[in-house]
Amino acid sequence: MTETTTRKRGGRAARKAIRAAATGNEAVRAGLPGGRYQPLKETDMAQVHSAALTVLARTGLADHTPELLDLVLPKGAELNDHGRLCFPRALMEDLLAAAAREFYVWARGDRMGKDDMHCTAQNVYFANSGTAVTTYEAETRTYRPSTLRDIYDFTRLVDRLDNIHMLGDTVLATDVTDDFAHDMNMVYAILAGSQKPACLTFRDRAHIPHAIRLFDLASGGEGRFLEKPSVVFGGCPVVSPLRFGRENLEIMIDTAKLGLTVDLAVPPQAGATAPATLAGTLVQTVAETLACVAIVNLIAPGCPVNFAAWPFITDLRTGSFTGGSGEQALISAAAVQMGNFYNLPTSVGCGMTDAKLPDAQYGLEKSLTFALAAHAGANRLCEFGGMLGSLMGCSFESMVIDDEAGGMLLRTLRGIEVSDETLAVDVIHDCAVDPGHFLGNPHTLGYMNTEFVYPNLMDRERTDTWENAGKTDLMTRARTKSDAILDSHFPNYFGAADAQARAEFPILLDAETMKTRAA
């Protein structure tokens, strides 16, 4: 009896020591493969593919520009009798066969190497984006217009969150109305706040060279950005149904000419700007996305481009977009599966809950859309962190909750490794005979941190322990964690180049104010 008690105490002390030294993330990593969930059969994918090519060859896209026609008509694209830009089936098959199958988005500075993103058909990463127009204030439970300072604050928060792998402009700087000033300050705030890879968009193609100058300053000097690009350029070049949006089309063209990774999003809404049937919406989304893939490859063969089919769902009772429905989770996974059908890196919007604060609806909708997209093999799950209210708002507390959920989700992606060691037949025998449990066993201690993810926000304590500790809920704990980071972490990764950036660009964030928490 004494021997057993001693073992229990020794095992508990050892477990506590190991857990205290753990970060909670040893069991997972960025870039784990997905692809196990496949809502479409092989025959379904072949039919969707064929239908999409028919749409591209017969219907085509409207609102093209003379510049675009000059680039693609001499290389095999055509205008039909309706004056719409079409892509013949044989041309599409050739372009898809030669399209880039992988690319890297590099981290900067000290993060280079460990936080680089290797984008392939099924490596899964969690990426921020969204450009929400409001920020949620937990203290008053209200939304206010988002600001430039919010962009910096959300970025420096994510800089300390392990399971959000890519930065983005999660909110809009509504307090900066000039287009050039907005874009340069958005870029500055994100580059100052973290060295993780980023995905950004711009309001005008003319801003791209200026942004690259800022990228160079943040990357160590002139030309350094193009050596190892740490940013991909996004936007929505298609306005559904089957029309081009000029501003983002121009950005896509210029990005391809530079040979940089073209990141795009094609978001038709079922029943509103696409057919009401999920299959019909999928066909149109694939066709619109393939049109962008074709244009990029006609401009610069083999230029990396993301297959970013982002079909959205409409609540046809009201006509409003719904980001958290079961149909949204399903069709997003199907769109990812189509990208994998072409063996192209993919992105998809998910985590776009319709809930207005982190509540039960929030948890249900986020977990559903996150899990299906990740297990379908989305290369990048976008809109990942912090989004609320159907992409209209973003929350600091929600960001840290989503980060913790990301670790748990990555663990499901990793799956179960089966070997003689993990099957543990001899360990089962020894522990069953004596002492009758596995606590403190070397096998248990050896796998404690590599087999399990240990969340900090999710409550796993006994009910009486929870009551004695103040009966806190998830939102309260999330606010404590986000406040701890935002009250202490004030990076400026421009370093010595910050003065040069401020001399060349109309930077509105005051250098001294950036060192303290915004009022």
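Structural remarks
- Computed from the alpha carbon atoms alone, the convex hull of segment 325-381 holds 54 Å³ per residue.
- Surface/4 estimate of mean projected area, convex hull on alpha-carbon atoms of segment 26-92, nm²: 7.8 nm²
- Centroid-to-centroid, using Cα positions, segment 353-373 and segment 257-300 are 25 Å apart.
- Whole-number D in µm² s⁻¹ for segment 435-519, Kirkwood Cα-pair radius fed into Stokes-Einstein, 20 °C, 1.002 mPa s: 120 µm²/s
- Taking the C-alpha atoms only, the angle from helix 148-158 to the longest principal axis of the chain is near 50 degrees.
- Kirkwood Rh (inverse of mean 1/r, distinct Cα pairs), segment 72-142, angstrom: 17.3 Å
- Pairwise centroid distance, computed over Cα atoms, of segment 380-400 with segment 102-121, Å: 23 Å
- Helix axis angle, 2-21 relative to the chain longest principal axis, alpha carbon, degrees: 30 degrees
- DSSP-defined beta bridges in the chain - what % are antiparallel, rounded to 5: 45 percent
- With the convex hull of the Cα atoms taken as the outline of the chain, the averaged projected area works out to 27.4 nm².
- Distance between segment 122-176 and segment 477-519 - C-alpha centres, whole angstrom: 14 Å
- Cα extents of segment 385-433 along the three principal axes, largest first (Å): 57, 19, 12
- Axis of helix 474-486 versus longest Cα principal axis of the chain: the two differ by about 70°, to the nearest ten degrees.
- Normalised by 2.2 N^0.38 Å, with N the number of residues, the alpha-carbon radius of gyration of segment 377-519 equals 1.57.
- Cα-Cα over 23 Å, subset of Lys228/Lys366; Lys196/Lys481; Lys366/Lys515; Lys41/Lys75; Lys114/Lys228: Lys228/Lys366; Lys366/Lys515; Lys41/Lys75
- Overall form of segment 136-277 per C-alpha gyration tensor (a/c, 1.5; a/b vs b/c): oblate
Any read-out appearing in this document is the output of simple, stated calculations on the displayed coordinates, not a laboratory observation. Fair warning: this is a prediction, and the values are worked out from it, not measured in the lab.
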